[in-house]
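Only one structure is covered here, and it is reproduced in the block below.
The values are calculated or read from the model by the stated rules, or taken from the named source; none is laboratory data. Please read all numbers here as calculations on a predicted model, not as lab measurements. Virtual Cβ from ideal backbone geometry, glycine too; neighbours counted across all protein chains shown.
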Amino acid sequence: MASFGVLNVAPPVFEDPFVEENGRLSSEAFNYFMTILLPRIGQTSSLYGTAPVLEVIGQDASIASTPLPMGALTTGYYRVTCYLRVTSADGAGSSVTPFVQFPDDGVTCTMTGAALTADDITEPMSQTFFVSVDQPGPISFGTTYSSTTPGLMVYKATVCVERVQ
């Protein structure tokens, strides 16, 4: 099947003009858009530029490297933004450090962010990772957790991935 851009759907075959004289889509074009194109766009995160936001709440331990829900990735540049906030302070000292993993030049690369060390529920942190993906494979997210009293500090993590180019 011939590919119609990054959507990987067959190009439309219209026997009538795509746009009618009054400027509206022809019924064939409208039907194609509603039944073929629109559902496919809804399944393709890179067309909207984002994947579904992932939020983990009530976390009191590290998060193992977890693939983000993006489906099959295409070669390109992605921005991974994470938001971290302590929701229950340790009272003595704690930290949570985000990291992302992604495929580049045939190897799995890891980028580690700055640690959130504020033992305060009113001081969240946000940071962004710019990554280059050159082959199929997931972009994964995780955290490293440390607390003076293990399990006492609780946090939430919110992650968003956007295709840049």
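Of note:
- Answer residue from region 141-165, given it is surrounded by fewer than 19 Cβ atoms within 10 Å (Cβ to Cβ), of a type outside the set (A, V, I, L, M, F, W, C) and within 16 Å of R79 (Cβ to Cβ) and is modelled with the highest pLDDT among those: T158
- Among the residues of this structure, Y48 counts as one that is at pLDDT below 95 and among the aromatic types (F, W, Y).
- Within region 153-165, residues that are part of a strand (DSSP E or B) reach partners that are of a type in the set (K, R) with beta carbons closer than 6 Å, at six or more positions or on different chains, in the pairs K156/R85; E162/R79.
- Subset of region 119-140 that is of a type in the set (S, T, N, Q) and touching a residue at least 40 places away in the same chain (Cβ under 8 Å) - its residue that is surrounded by the most Cβ atoms within 10 Å (Cβ to Cβ): S140
- Neighbours by Cβ (under 9 Å, 6+ apart or cross-chain): first from region 100-117, over 16 Å from Y78 (Cβ atoms); second of a type in the set (F, W, Y): T112/F99; L116/Y155
- Sole exception among (1) at pLDDT 95 or above; (2) loosely packed, with under 15 Cβ neighbours inside 10 Å; (3) of a type in the set (F, W, Y) for Y83, by number: (2)
- Tally, over region 143-158, of residues that are under 26 Å from the mean Cα position of the chain (by Cα) and among the hydroxyl-bearing types (S, T, Y): 6
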